[in-house]
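The structure appears below as C-alpha cells.
The values are calculated or read from the model by the stated rules, or taken from the named source; none is laboratory data. Since the model is a prediction, treat every value here as computed from it, not as a measurement. Cβ placement follows ideal geometry from the backbone for every residue including glycine, while neighbour counts extend to all protein chains displayed.
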Amino acid sequence: MLTKRFLQNRRGGQLSFAEHSRLEAAIADINQVAPRDVIVKADQLLDHSTLLLEGFMCRYIDDVKGLRQLVAIHVPGDFVDLHGYPLKRLDHNVASLTQANTATIPHSAFDEISEELPNLSRKLWFATLLDAAIHRAWLFRLGRLDALGRVAHFLSETNVRLMAVDLSDGHQYACGITQYDLAEICGLTSVHVNRVMRQLREEQLCVFRSGVVEIPDPQRLARRGQFDPSYLYMTPNLFYA
C-alpha cells in the first residue's frame, strides 16, 4: 500500500485500513524525482499535493545572495506540501535531497474526502499541525543550541521520525544527505559542520559517513541535543524516553 507510511505510528493520527484505501484511491500519479530537483517553487499556483514515498525532500528559502536555508526535511510517509491545499501557494520552495518517489493527489480529491470522510480530513489536518510542531522545534534548535547541539538534535529527530516508518532500528539509518545539507539545516558553515561531526565521532555520540548515521547510544545523543521527542506525537514506547 503506497500510503502505509503516512502518519504511521502517530498517536491520535494513525489511519484505518479504510482510510488508507480512500487516500490511495485519490492518487493521480506516481513520479520519480532526481536528486536536487525543485518540485514546487515559491508562489507557484498549486492544484495538488505531494506524498513522499521514498527518499528525502526539503523545504527551503533563498536569501538575496541565492544561498538557501532549509526550513524542513521530509521523510517517507510525509506530505511535503499539504498546507498548499488551503493556501494554494507556498512561500518557499520544495526540492528533493536524494532520489525520490512521490505520489500526487489533486486538491479536488481532498474536497471529496472532507465531504465523505470527516475523520480522515481531521487526520490530514493533524499532519499539517505535526509539521508546525516540528517547525517550532527547529526554531528552538537554531535559536538556543550551540553548533554541536543543533546537529545532535537534528540527527536524533531524524532517527525517531525514521523509526516511526520502520527505516531506522534506533541505532542506524540511511538518510543520503550531505554535510553541506546539514550546514543548511543547522545554520552553520560546512567547515563548522565538519568540525562538529569530528567531535561527535570522538565523543562516541555519532558517526556519519557515506549517508549512513550510526548512533551507539541514542539517549546520550538526545541529551546532548536537548532533544525531547514528545513533539513528534509518536505511539508510546516506540522509541527511547
Determine whether Phe79 is within 25 Å of Pro229 (Cβ to Cβ) and either touching a Phe, Trp or Tyr at 6+ places or on another chain (Cβ under 8 Å) or hydrophobic (A, V, I, L, M, F, W, C) (or both). yes
In the stretch 68-81, anything in contact (Cβ under 8 Å) with a residue 40 or more places away in the chain and either surrounded by fewer than 20 Cβ atoms within 10 Å (Cβ to Cβ) or assigned to a strand (DSSP E or B) (or both) is listed as Arg68, Gln69, Leu70, Val71, Ala72, Ile73, Phe79
How many residues are assigned to a loop (DSSP other than H, G, I, E, B), in contact (Cβ under 8 Å) with a residue 60 or more places away in the chain and closer than 16 Å to Ala72 by Cα when one looks only at the stretch 31-48? 1
Taking Arg68, is it of a type in the set (Lys, Arg), closer than 29 Å to Arg150 by Cβ and in contact with a helix residue (DSSP H, G or I) (Cβ under 7 Å, 6 or more places away or on another chain)? yes
Of the residues Lys65, Lys123, Lys88, which is modelled with pLDDT of 95 or more and over 22 Å from Arg161 (Cβ atoms)? Lys88
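Tell me the residue from Glu19, Glu116, Glu24 that is over 28 Å from Thr178 (Cβ atoms), surrounded by 17 or more Cβ atoms within 10 Å (Cβ to Cβ) and among the charged types (D, E, K, R), please.
So the residue among Glu19, Glu116, Glu24 that is over 28 Å from Thr178 (Cβ atoms), surrounded by 17 or more Cβ atoms within 10 Å (Cβ to Cβ) and among the charged types (D, E, K, R) is Glu19.
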Of the criteria (1) surrounded by 20 or more Cβ atoms within 10 Å (Cβ to Cβ); (2) under 15 Å from the mean Cα position of the chain (by Cα), which one Ala152 fails: (2)
Please identify the pairs in which a residue from the stretch 101-124 that is assigned by TED's automatic domain parsing to the domain that holds Val40 has its Cβ atom under 7 Å from the Cβ atom of a residue that is assigned to a loop (DSSP other than H, G, I, E, B) and at pLDDT below 95, counting only partners at least 6 apart or on another chain. Lys123/Gly13
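Condition check ((1) surrounded by fewer than 19 Cβ atoms within 10 Å (Cβ to Cβ); (2) within 23 Å of Leu130 (Cβ to Cβ); (3) more than 21 Å from the chain's Cα centre (by Cα)) across all residues:
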position	(1), (2), (3)
Tyr173	no, yes, no
Ile177	no, yes, no
Val196	no, no, yes
Glu202	yes, no, yes
Glu214	yes, no, no
Arg220	yes, no, yes
Gln226	yes, yes, no
Ser230	yes, yes, no
Which of the following residues is in a loop (DSSP other than H, G, I, E, B), over 17 Å from the mean Cα position of the chain (by Cα) and more than 21 Å from Pro35 (Cα to Cα): Asp91, Asp111? Asp91
Quick check on Gly13: is it in a loop (DSSP other than H, G, I, E, B), under 21 Å from Arg161 (Cβ atoms) and either of a type outside the set (A, V, I, L, M) or assigned by TED's automatic domain parsing to the domain that holds Asp131 (or both)? yes
Subset of the stretch 16-30 [among the acidic types (Asp, Glu) and assigned to a strand (DSSP E or B)]: Asp29
